[in-house]
Amino acid sequence: MDRRETAALLAYIGRLDPRTIRTDQGEVRDQLAQWHELLDDVPMATPHGWDARIAARQHIRTSPYQILPADVVRPWESYRRNRLARHSDPTPSVDPDDPAAWTAELVGMRRAVAAGIAEPAQARAITSGRDGTDPRLEAMLGEVGSCIPPAARAALAPYRPARAAREAAIAQGRPDALSVRCEWCKAQPGEPCRRRRIGPDDGVRGTAPRATPHPGRLDLAAALQAQQPAMA
């Protein structure tokens, strides 16, 4: 605040607490110089909730001690910290290949938020609850159904035959064989069944994933699926 605003603040404080009033001209000048020096970077008011008069009034209401400049500075610093804590840096509008401009825009936004000139920018969660969820986002998620869009899933199917077969079975209401352990090849739930590679000496040389599960695994998944309605 400038000297005129500091003088106006002192006059306001004097009306609420006469103990702060100075009658000697020299004391008045010294008091004004002291308060202006200590409140030089504290605004009188901002567009978003800060007012030095409210801070001074609150101190006079709640404290028996005569107000000091620090009793206005402390609430101002708390106000700044609170706003920065609620601020999430938005993506700058400048060219990301220009680091200087990118940094300058981020710093400028933070300073404006801390000074009470701009509102904090808050990042919205995709699934933050019922309130505040974008209806367009909900419709998009409902259409996609997963993190992989249908077109991409279809394009990946030839390269993921076991997963594609599993998804097709679930979509058609058939048992999900990969939801159970395979007793034949010992594949764990979620893993595809594996076939053994036999060498010329009839020894097992390795295994490779199967595009389809073993029949016994299918039977076990079907039996468990049949039991679910009875267990509900």
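Check Val180: other-chain or 5+ apart residues with amide H under 5 Å from its amide H, H built from backbone geometry?
Distant-sequence amide H within range of Val180: Gly190.
Once R0 is set to 25 Å, what does the formula 1/(1 + (r/R0)^6) return for the Cβ-Cβ distance between Ser78 and Asp17, expressed as a FRET efficiency to the nearest 0.05? Don't skip to the end; give the middle numbers.
Working: r = 22 Å, r/R0 = 0.87.
Efficiency, from the Cβ-Cβ distance: 0.70.
Ranking request for peptides 62-69, 179-186: highest mean number of other beta-carbon atoms within 10 Å first, then the rest in descending order.
Put in order of decreasing packing, that is 179-186, 62-69.
With a point put 7 Å past each Cα toward its Cβ, work out how far His48 is from Asp95 in nm, to one decimal.
A separation of 3.0 nm, rounded to one decimal place.
Using a 1.4 Å probe on the protein heavy atoms, what percent of the accessible area of the range 1-113 belongs to carbon and sulfur?
52 percent
Taking the mean number of other Cβ atoms within 10 Å as a proxy for protection, how do you rank 210-220, 159-169, 91-101 from highest to lowest?
210-220, 159-169, 91-101
The values are calculated or read from the model by the stated rules, or taken from the named source; none is laboratory data. Fair warning: this is a prediction, and the values are worked out from it, not measured in the lab. Quick reminder, even Gly has a Cβ in these numbers, built from the backbone with ideal geometry, and neighbours come from all protein chains shown. Heads up: the accessible areas ignore ligands, DNA and RNA and are worked out on the full protein's heavy atoms, side chains in. Shrake-Rupley method; radii C 1.70, N 1.55, O 1.52, S 1.80 Å.
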